[in-house]
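See structure below.
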Amino acid sequence: MYRLEHLIPSAALAGLFSLLGAPVSGQPAAPQTAPAPAATAAPSAPPEQSLRAVEERGRLLADYFEALAQSEARLRGESDIAPPDAAVVIKSSDGLRVIFLKDVVQSGGRKGTMEIAESAYDPTSRKAIGLSSFAPPTPAPASVISFMRALQQAKDGAAGRKEAKPPFDHAVIREKDGSFSVYLRARDADGPGGDLLALIAATGRQLVDVQALHLAVTHLPPGEHKPGQATLHSHTDTESELPSPTDVALIIRRPDLAPHLVLTPRWMFRIDAEGGLTYLGPNPVPRPPAPSAPGGGGRR
């Protein structure tokens, strides 16, 4: 684990926060290290299309995570519904569906996956709407089962990873090519990090890759900073040059952290409370060292 005061000189932090127009009270004392080297020539800016893609995916993840959390809370209040074995969030024409599933033994000893309850989620109001239980349970269609299989493959691939520990918030997203991108984020992570991206084949049965989006958690627990004061975290030189979609999702779900600054090895970005992502310019701060951890890299 590492904290920002170990990575970024205090004077540089003050300059970065001034870009945000945010107060800088409570910053750590400058560490006794050699002066930072002068910034090199500024690289070209990141493509605008890439920023908007991260922003859009981050907002989608925030909806998926929130739909799951709110629907699970509703389910816990219903004592007559058996605890599910899995839950998946699926896009529909008017929002999101959260489907709760359970494996049951049917007549003749054959196992089957059944839908036992369902909730809807409205992304506009950011509220779960109702909870319907199925009595008797309804056989899950193949499309829903493929999402459940992809989620299980991702969880199996995440087993033993040091960067993120269960229980997870999760989002299973079917890409245009039919494959699945499964985002897992540790529920006990109190800041950026604790997240993995699993790439799953279109069948939902084959794990292609598991990537760490951050190598460690930057701790930003609620109540540790003044309202409206900017927060930030830094990517190491083995992490993405852009903010991750999970960074955007985190700030939407925790607007107390906004405005939030993300320092990547080459660039600086700001995320606002609604998930808006803005490029601020080249990063004048030296690259932080990468902590030793397995995995990481690849597509974000």
Practice task
Sort 66, 56, 163 so the one with the fewest other Cβ atoms within 10 Å of its own Cβ comes first.
Solution key: 56, 66, 163
Problem - Ranked 176, 155, 111, criterion: other C-beta atoms within 10 Å, fewest first - result: 176, 111, 155
Exercise for the section: With label points built 7 Å along Cα→Cβ from the Cα atoms of residue 177 and residue 190, find their separation and express it in nm. Expected result: 4.0 nm
Handout entry: Within straight-line cross-link reach of residue 91, aspartates and glutamates at Cα separation under 20 Å, skipping those fewer than 8 residues along the same chain
Key = 55, 56, 63, 66, 72, 115, 118, 122, 169, 175, 177
Problem - Calculated FRET efficiency for the pair residue 134/residue 76, C-beta based, R₀ 22 Å, to 0.05 - result: 0.80
Handout entry: Neighbour-count ranking [beta-carbon atoms within 10 angstrom, fewest first] of 200, 173
Key = 173, 200
Problem - Karplus 3J(HN,Hα) series, Hz, for the stretch 196-212 with 6.51 cos²θ - 1.76 cosθ + 1.60 (x for Gly, Pro) - result: 9, 10, 9, 9, 10, 5, 4, 6, x, 9, 10, 7, 8, 6, 10, 10, 7
Exercise for the section: Subtract the Cα-Cα distance of residue 202 and residue 53 from 0.36 nm times their separation in residues, and report this length gain in nm to one decimal. Expected result: 51.5 nm
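Where a number appears in this text, it was derived from the coordinates with a stated rule and is not lab data. All values derive from a computational prediction rather than experimental measurement. Here Cβ is always computed from backbone atoms with ideal geometry, including for glycine, and neighbour counts include all displayed protein chains.
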